[in-house]
Amino acid sequence: MAGNREFFYRRLHSLLGVIPVGLFLVQHLVVNHFATRGPEAFNRAAHFMENLPFRYFLEIFVIFLPLLFHAIYGLYIAFTAKNNVSRYNYFRNWMFMLQRLSGIITLIFVTWHVWETRVQAAFGAEVNYEMMANIVDNPMMLGFYVLGIISTVFHFSNGLWSFFVSWGITVTPRSQQISTYVTMAIFVALSIVGIRAILAFA
Amino acid sequence: MMSEKKTVRFIITRQDRPDSPPYEEEFEIPYRPNMNVISALMEIRRNPVNAKGEKTTPVVWEMNCLEEVCGACSMVINGKPRQSCTALIDHLEQPIRLEPMRTFPVVRDLQVDRSRMFDSLKKVKAWIPIDGTHDLGPGPRMPERKRQWAYELSKCMTCGVCLEACPNVNSKSNFIGPAPLSQVRLFNAHPTGAMNKAERLEAIMGDGGLANCGNSQNCVQSCPKGIPLTTSIAALNREVTIQAFRNFFGSDQV
Ligand code: HEM
Ligand code: SF4
Ligand code: FES
């Protein structure tokens, strides 16, 4: 089938957003939440993750490549839309626009965040409680992190909503409505987890 | 007697040729009770004088049924795409702004070329092939409840309003748009049409097809016929997921 590539890429983009990138995001937020129990608890959790077997394999194939594909294709999708919320002031149209906007903010945030932590680690820095505490010591950086976390969590939660539509799981308007409530509850819950964690470093 | 007569004010986006720049022209025409946008446009055509009192060319638009079943008279009225034949002046805020649906190529003034929609219907085989070399006899029967359900989907008049409202249908994308997708669901639901189900699904799995939907759901809010477009799209998403498994892992290919 010659003309099927776009269908495949779209479905791959949708799948990767949840598995593995979305699952990694949830895991990452949960590990960070150990910071609310003090530096030792956080460092222990972070070291456990660092010492997982096949760490580099997991990082490359579970995080980096899927995220890279999702982000690049996501940018392409975001820039082929012609947003029209001023003319069509409807809830889902706003969510459509915010999904694209939050994707772009998330990309900027994640790139910066990876540079500051994982790339520095590759250059020999140690990723621990102290490193994060130093970063968010600067109120500007703390604000940037809070925005980045909320944007990422929104993008994931609202993305789950559209994932369920893209795969034909929620078909009826009623199921889509309930799905809105559930995914927005996930947004609130994960935001609390994420913000509590970052504030624990501040 | 009151000397001042009630009038209706229009700001119309006009365009002389497909490739010439658009411009706005104002009109002020005498009010008549129960006027709609089409009867106002007819008044302008009868006496093509703009609000400044200058003689101008009559405004071009399309119409046919005058009862909201053909879709030809669609245009953007006060910011929203809809049919001008059912747009009553008494219900509109003035000045009334008329613009063409720019998602489609503008032919002249308010007249656009909706050919892409008819091409899409051909692409997705939005018909039921029953012609043969001999009489095939009566087709399978359709349950009455299903017929009533399908009737709702069959109300589509290819007006283009849903494409105009969709943020993913634009000059940067080749997305086929909601209307032809919903037609796939309609024809696949028909007992005879179902014989070509896989062909239609594969057509919308091609480039510019179903997967380009980004769920803004403007279409279902805008469709004048109340067609459940987003339900159709989600239902088709399920169908093509199954079809993709069949195609890849191999099963009966029809
Ligand atoms: C933490 C990182 C990310 C996660 C967890 C994530 C997750 C998701 C999920 C679950 C979806 C829904 C898929 C669907 O509609 O079926 C989605 C959609 C989308 N993502 Fe991401 N994403 C991430 C990063 C990004 C980035 C960096 C961009 C770049 C701009 C981006 C752009 C998009 C776009 C445009 C969509 C909408 C696709 C559509 O509706 O057709 N995402 N994302
Ligand atoms: S689905 Fe509705 S809005 Fe779209 S073309 Fe058909 S009648 Fe018009
Ligand atoms: S003239 Fe047919 S819909 Fe208006």
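The values are calculated or read from the model by the stated rules, or taken from the named source; none is laboratory data. Note that the coordinates shown come from a computational prediction; the quantities given were computed from them, not determined experimentally. Please note: Cβ atoms are built from the backbone with ideal geometry, for glycine as well, and neighbour counts cover all protein chains shown. These accessible areas exclude ligands, DNA and RNA; they are computed on the full protein's heavy atoms, side chains included. Shrake-Rupley method; radii C 1.70, N 1.55, O 1.52, S 1.80 Å.
Quick notes
- Residue within the range B:183-204 that is free of Cβ contacts under 8 Å to residues at least 40 places away in the same chain and open to solvent by less than 10 Å² (accessible area, probe 1.4 Å) present: no
- For the range A:66-119, a tally of residues being open to solvent by 40 Å² or more (accessible area, probe 1.4 Å) and in a loop (DSSP other than H, G, I, E, B) returns 6.
- Per-region count, the range B:168-192, residues over 18 Å from the mean Cα position of the chain (by Cα) and among the charged types (D, E, K, R): 1
- Matching residues, the range B:208-242, being among the basic types (K, R) and within 16 Å of ligand 1 (Cβ to nearest atom): B:R238
- Boolean, B:N50 is over 23 Å from B:Q221 (Cβ atoms) and either within 16 Å of ligand 3 (Cβ to nearest atom) or not aromatic (F, W, Y) (or both): yes
- Number of residues in the range B:45-56 that are touching an Asp or Glu at 6+ places or on another chain (Cβ under 8 Å) and open to solvent by 40 Å² or more (accessible area, probe 1.4 Å) equals 2.
- Those residues of the range B:80-126 which are exposed (fewer than 13 other Cβ atoms within 10 Å of the Cβ), hydrophobic (A, V, I, L, M, F, W, C) and under 18 Å from B:C156 (Cα atoms), in sequence order: B:F118
- Only helices (runs of 4 or more DSSP H) whose full extent lies in the range B:150-254 are considered here, and the ones with at least 3 residues that are not aliphatic (A, V, I, L, M) are B:178-189, B:197-204, B:218-222, B:229-249.
- Note on the range A:1-53: residues that are open to solvent by less than 70 Å² (accessible area, probe 1.4 Å) and within 30 Å of B:I242 (Cβ to Cβ) total 19.
- The range B:156-167, residues that are over 11 Å from the mean Cα position of the chain (by Cα) and surrounded by fewer than 24 Cβ atoms within 10 Å (Cβ to Cβ): B:P167
- Remark: B:I176 falls outside the filter, which requires a residue to be within 16 Å of ligand 1 (Cβ to nearest atom) and touching a Pro at 6+ places or on another chain (Cβ under 7 Å).
- Which listed residue is surrounded by 17 or more Cβ atoms within 10 Å (Cβ to Cβ), within 14 Å of chain B (Cβ to nearest Cβ) and among the aliphatic types (A, V, I, L, M), from A:V136, A:V153, A:V165: A:V165
- Residue identified as closer than 30 Å to B:S39 by Cβ, in contact with a Gly (Cβ under 7 Å, 6 or more places away or on another chain) and more than 16 Å from ligand 1 (Cβ to nearest atom) among B:L163, B:L110, B:L92: B:L163
- Flag for B:C65 being within 16 Å of ligand 2 (Cβ to nearest atom) and either in contact with a helix residue (DSSP H, G or I) (Cβ under 8 Å, 6 or more places away or on another chain) or open to solvent by 70 Å² or more (accessible area, probe 1.4 Å) (or both): yes
- Residue, nearest to B:G226 (Cα to Cα), within the range B:80-101, restricted to residues that are within 14 Å of chain A (Cβ to nearest Cβ) and within 16 Å of ligand 2 (Cβ to nearest atom): B:R82
- Any chance B:C223 is within 12 Å of chain A (Cβ to nearest Cβ), surrounded by 18 or more Cβ atoms within 10 Å (Cβ to Cβ), in contact (Cβ under 8 Å) with a residue 24 or more places away in the chain and within 15 Å of the chain's Cα centre (by Cα): no
- Residue within the range A:169-182 that is among the aliphatic types (A, V, I, L, M), away from ligand 3 (no atom under 16 Å from the Cβ), open to solvent by 20 Å² or more (accessible area, probe 1.4 Å) and away from every other protein chain (no Cβ under 14 Å) present: yes
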